[in-house]
Amino acid sequence: MAEQKAYTKPLPFIDGATGEFYDFCKKHELRFQRCTKCGTWRHVPRDMCAECGSWDWEWAKSSGRGKLFTWTVVTRAMHPEFTEEVPYAVCLVELEEGPRLVSRVVDVPPQDLRYQMPVQVIFDAVTPEVTLPRFRRISG
Ligand SMILES: [Zn+2]
């Protein structure tokens, strides 16, 4: 394995349903909560369906394909660990099943991002415990 600098950026808090979301990422599965009463997908994890009020849900597997919904370019790092990365884009990807996920598109510089650009999830094991879902551009 290639030697890698230790990951020192902030990490998600792995707990409850959010922890389960990241556990699936660790297995290279992008799963979101889906209401088993009305079928609505949702993210971030929460107990109740905002559409129908049901408390019943399942972890449904996403295709991992989506489109860039919007983004913002960070030019001044708000955390010292990101200083060397500016400028970078924080992206909101809309998965084809409907949920939206804040992430990064790893292979496209901020100035080349386009609204509705097709993307596919990839998984970045930043620590032995945490794998982050990120995206790369696909044709389509
Ligand atoms: Zn529902």
Query raised in the report: Looking at (1) of a type in the set (D, E, K, R); (2) under 22 Å from Gly19 (Cβ atoms); (3) assigned to a strand (DSSP E or B), which is the one condition that is false for Arg136?
Result: (2)
Query - Qualifying residues in region 81-102 (those that are in a helix (DSSP H, G or I) and acidic (Asp, Glu)) - the one farthest from His43 (Cα to Cα) - result: Glu84
Report summary line: From the option list Gly66, Gly98, Gly53, Gly39, single residue qualifying as away from the ligand (no atom under 16 Å from the Cβ) and either surrounded by 15 or more Cβ atoms within 10 Å (Cβ to Cβ) or without any contact (Cβ under 8 Å) to a residue 12 or more places away in the chain (or both) is Gly66
Query raised in the report: Just a yes or no: is a residue in region 13-26 without any contact (Cβ under 8 Å) to a residue 24 or more places away in the chain, under 14 Å from Val121 (Cβ atoms) and among the hydrophobic types (A, V, I, L, M, F, W, C)?
Result: no
Query raised in the report: Would you pick out the residues in region 17-67 that are closer than 15 Å to Glu129 by Cα and of a type outside the set (D, E, K, R)?
Result: Thr18, Gly19, Phe21, Tyr22, Phe24, Cys25, His28
Report task. Scan region 121-129 and give yes if some residue there is more than 16 Å from the ligand (Cβ to nearest atom), touching a Ser or Thr at 6+ places or on another chain (Cβ under 7 Å), over 21 Å from Ala6 (Cα atoms) and touching a residue at least 12 places away in the same chain (Cβ under 8 Å), otherwise no. Result -> no
Query raised in the report: Conditions: (1) within 17 Å of Val121 (Cα to Cα); (2) loosely packed, with under 13 Cβ neighbours inside 10 Å; (3) in contact (Cβ under 8 Å) with a residue 12 or more places away in the chain. Arg31 meets all but one. Number of the miss?
Result: (2)
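Any read-out appearing in this document is the output of simple, stated calculations on the displayed coordinates, not a laboratory observation. Everything quoted here is computed from the prediction, not taken from an experiment. Cβ sites come from the backbone with ideal geometry, for glycine too, and all protein chains shown count toward neighbours.
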